[in-house]
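The values are calculated or read from the model by the stated rules, or taken from the named source; none is laboratory data. Everything quoted here is computed from the prediction, not taken from an experiment. Reconstructed Cβ throughout: ideal geometry from the backbone, glycine too, with neighbour counts over all protein chains shown.
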Amino acid sequence: MRKLLAHHLCSLRGSLLWVPIVLLLFSNIASSLPLPIGALNDYGNVLDRHGRERINTLISDAQASYGVDVSILASWESPYDSINQYAYAIFDSWGLARESTILTVFLKGGKDWGVKVLCGDAVTRVHPGLASQLQAGISDLVAHRRIEEAMVALFGVLDEQIESGGTQKLATGTGSGRTVWIVLLIAGVGVASLFVTRRVCPRCGHILRRRTRPSFRSYKEQDVVYYCRRCGYTRTVTRKRGPRGRGG
């Protein structure tokens, strides 16, 4: 029994030894990811001062025009085997996945560059295929190592896709929702105002009661009398009879 227990303890101890090793590996990978220093993160040093100013201006224009935050990363180093893994890790590490964002990662491997474009959930809901369209639109420039031109072209493709899709705002996808709420609010105010005008006593504020009687003017009409039991206020409205003898 002791030998069996000792065997299991040794196996368990050996398994537990792997836990800190695995955690250490993951922590090393996480710590090796670049930190965001703004919307434009040129760790690959592909832009000069004028280039950075130009790209930052395009980023600001995209936010103002479409309500979307564009983040760009250019890098020469990656702890992952593929640019896809690297881009998704950056996406999660920078907290962009659920926002109204577009992340474009330019990664150099050897002499060649690769690109990966990811869109946040708020953008994807409005324009599901935007990420692949943006990536396809600049992939040829990236393949020819024209990274600054690819960054500029990214915003041109963005303009084309948004305009062709008839979408003015990508930000939260709530523009139409706000419009609906505004329309409902206006309609609600209108209904409330109509109710107050017709059914609330202007003297004491109590609800008016309603009764109908035949009109003395014509058999085709009837009088609708609104009256208040509290203060005695009355108001009479003459209306045409409906097809069943009721007011139209």
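Could you tell me how many of the residues in the stretch 56-67 are in a loop (DSSP other than H, G, I, E, B) and among the charged types (D, E, K, R)?
0
From the list Leu23, Leu33, which residue is surrounded by fewer than 16 Cβ atoms within 10 Å (Cβ to Cβ) and modelled with pLDDT under 95?
Details: Leu33 fails: surrounded by fewer than 16 Cβ atoms within 10 Å (Cβ to Cβ).
So the residue among Leu23, Leu33 that is surrounded by fewer than 16 Cβ atoms within 10 Å (Cβ to Cβ) and modelled with pLDDT under 95 is Leu23.
Which pairs turn up if I take residues in the stretch 40-55 that are in contact (Cβ under 8 Å) with a residue 12 or more places away in the chain and part of a loop (DSSP other than H, G, I, E, B) and look for partners that are of a type in the set (Gly, Ala, Ser) and crowded, with 16+ Cβ neighbours inside 10 Å with beta carbon separation below 6 Å, at least 6 apart in sequence or on another chain?
Tyr43/Ser75; Gly44/Ala74; Gly44/Ser75; Val46/Ala74
Could you list, ordered by first residue, the pairs with Cβ atoms under 6 Å in which the first is in the stretch 104-120 and outside the structural domain of Ala150 (by TED's automatic domain parsing) and touching a residue at least 12 places away in the same chain (Cβ under 8 Å) and the second is surrounded by fewer than 22 Cβ atoms within 10 Å (Cβ to Cβ) and assigned to a strand (DSSP E or B), at least 6 apart or interchain?
none
Go through Leu158, Leu184 for me and flag whichever is at pLDDT 75 or above, among the hydrophobic types (A, V, I, L, M, F, W, C) and either in a loop (DSSP other than H, G, I, E, B) or closer than 30 Å to Arg54 by Cβ (or both). Walk me through how you get there before you give the answer.
On the way: Leu184 fails: either in a loop (DSSP other than H, G, I, E, B) or closer than 30 Å to Arg54 by Cβ (or both).
Testing whether each residue is at pLDDT 75 or above, among the hydrophobic types (A, V, I, L, M, F, W, C) and either in a loop (DSSP other than H, G, I, E, B) or closer than 30 Å to Arg54 by Cβ (or both) leaves just Leu158.
Please state which one of Ser93, Ser60 is surrounded by fewer than 19 Cβ atoms within 10 Å (Cβ to Cβ) and either charged (D, E, K, R) or free of Cβ contacts under 8 Å to residues at least 24 places away in the same chain (or both).
Matching residue, one of Ser93, Ser60: Ser60.
Taking into account only those residues within the stretch 28-39 that are part of a helix (DSSP H, G or I) and among the small types (Gly, Ala, Ser), which is nearest to Thr124 (Cα to Cα)?
Filtering the stretch 28-39 for residues part of a helix (DSSP H, G or I) gives 28-31.
Subset that is among the small types (Gly, Ala, Ser): 30-31.
Values: Ala30: 26, Ser31: 29 Å.
Filtering the stretch 28-39 for residues that are part of a helix (DSSP H, G or I) and among the small types (Gly, Ala, Ser), the one nearest to Thr124 (Cα to Cα) comes out as Ala30.
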